Amino acid sequence: MCSFVPRTVFQSIIDDETASEEAKRDAQNQIDAITQTLTSISSSAKAGSKAWTRYDTIPTGFEEFSCKIWGMATRNYSEISYETGEVLGSSYQPLPGILYSASQDPPYEQDPDVNICMGHLRTTYDFYKTVMGRNSIDGKGKQLEASIHYSIRYGNAIWEKNSQQMVFGDGDGSSRFGRRAGVFKPGSMVGSLDVTAHEVTHGVTQNTAGFEYIGQSGALNESMSDLFGSMVLQWKQVQTVEEASWLIGAGILYEGSESLKGKKAQATSLRSMKDPASPSNLDPQPDHKNHALYYKGTTWDHGGVHRNSGVPNHAFYKVAMRLGGYSWDRAGKIWYATLTDKRMHPQTTFVEFAKVTVDQAGRLHPDDPSVADVVATAWKEVGVL
Ligand SMILES: [Zn+2]
């Protein structure tokens, strides 16, 4: 299971001596929620083959884009919870929940989040189809599935690899007793295109390179999701590399919250591909393999998958900036060709990945060797080659 927000983000609030007790308590609740999600999802995935068989029913004529949006029946409880200050009830329902809408249905107008979610899935699908020539996450038009309103005050979005679906929480931010608490703005997870594209890309990676979610291969897995997430957003907004913010999760933080004081006071987004180590990121990352933030252990955050992804993220940023224009035209296609290259394997290292990007740059641009040079130089500058 890949979560958009690593639990270490919440742990850093608990460890911050300047954070309030309330903020620490909220952060601990989010860590407990991720743990409970893991338990409840794995038990429901084991409960039967339902998760697999529900993909068999893509209706004729909808192979091109097909999706289902599911919802959780715990929503009413979450509204009560907001008022009373009681947080994170114990109801973690088995996924996917109840069916809200499907791509062939009329819009579900009672709940704007359904249409927002479907729109972001559609945009991400269209990006992969029209730019990369890929028909959905498996290349064969697989139906995209997402469950929204998951749990109560859940500040995360996840890719659940067993049932191959996305799960969106409503955000842990809430206003109670006249004060703001929590890290993520209500509705911001489902409301952000880069978050959705990040999660869909976990599905693409699972169906292609299959990078194992640990150590360097896990950091590559996270990096693919961040850089395609950013690219889908740039593509939708028709931004050049100069115009793009290169931020991951811009606008999702709950501004003015008790939980974002202390050491997190400067945070304006979750991560940045342009400036991974900046304190303006809620979760700063290394921009070089020798940077002090580079995690060398094996236990924490699956071996630092959300931390060390800053290195390949920054290499991609450098390549895109130097090639100029639109990121998806050249840099994105080199990275996509690498992700789908037969030389990729579950334990692919940074060095192996980097070498194939250089190779693919040369293959895609046989008349312009400077492109492969740009790619090789970027990897050298982040300490990988
Ligand atoms: Zn992720």
Single residue of 338, 357 found to be part of a helix (DSSP H, G or I), under 20 Å from residue 205 (Cα atoms), more than 21 Å from the chain's Cα centre (by Cα) and of a type in the set (Ser, Thr, Tyr) = 357
Just a yes or no: is a residue in segment 216-225 under 9 Å from the mean Cα position of the chain (by Cα), free of Cβ contacts under 8 Å to residues at least 60 places away in the same chain and within 23 Å of residue 126 (Cα to Cα)?
-> no
What number of residues within segment 191-242 are assigned to a loop (DSSP other than H, G, I, E, B), surrounded by fewer than 24 Cβ atoms within 10 Å (Cβ to Cβ) and within 13 Å of the ligand (Cβ to nearest atom)?
-> 1
Could you identify the single residue in 310, 297 that is within 25 Å of residue 127 (Cα to Cα) and not aliphatic (A, V, I, L, M)?
-> 310
Across (1) within 14 Å of the ligand (Cβ to nearest atom); (2) among the hydrophobic types (A, V, I, L, M, F, W, C); (3) in contact with an Asp or Glu (Cβ under 8 Å, 6 or more places away or on another chain), residue 181 clears everything bar (1)
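Listed here are the residues, each with its yes/no results for (1) buried (at least 22 other Cβ atoms within 10 Å of the Cβ); (2) at pLDDT below 95; (3) closer than 18 Å to residue 213 by Cα.
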site	(1), (2), (3)
289	no, no, no
298	no, yes, yes
327	yes, no, no
332	yes, no, no
336	yes, no, no
351	no, no, yes
362	no, no, no
Pick from segment 3-17, criterion of a type in the set (A, V, I, L, M, F, W, C) and surrounded by 19 or more Cβ atoms within 10 Å (Cβ to Cβ), ranking: farthest from the ligand (Cβ to nearest atom) | 13
Looking at segment 128-141, is at least one residue under 30 Å from residue 26 (Cβ atoms) and either out of contact with any helix residue (DSSP H, G or I) (no Cβ under 7 Å at 6 or more places or on another chain) or within 16 Å of the ligand (Cβ to nearest atom) (or both)?
-> no
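The values are calculated or read from the model by the stated rules, or taken from the named source; none is laboratory data. This structure is a prediction, so every number in the text was calculated from the model and none was measured. Here Cβ is always computed from backbone atoms with ideal geometry, including for glycine, and neighbour counts include all displayed protein chains.
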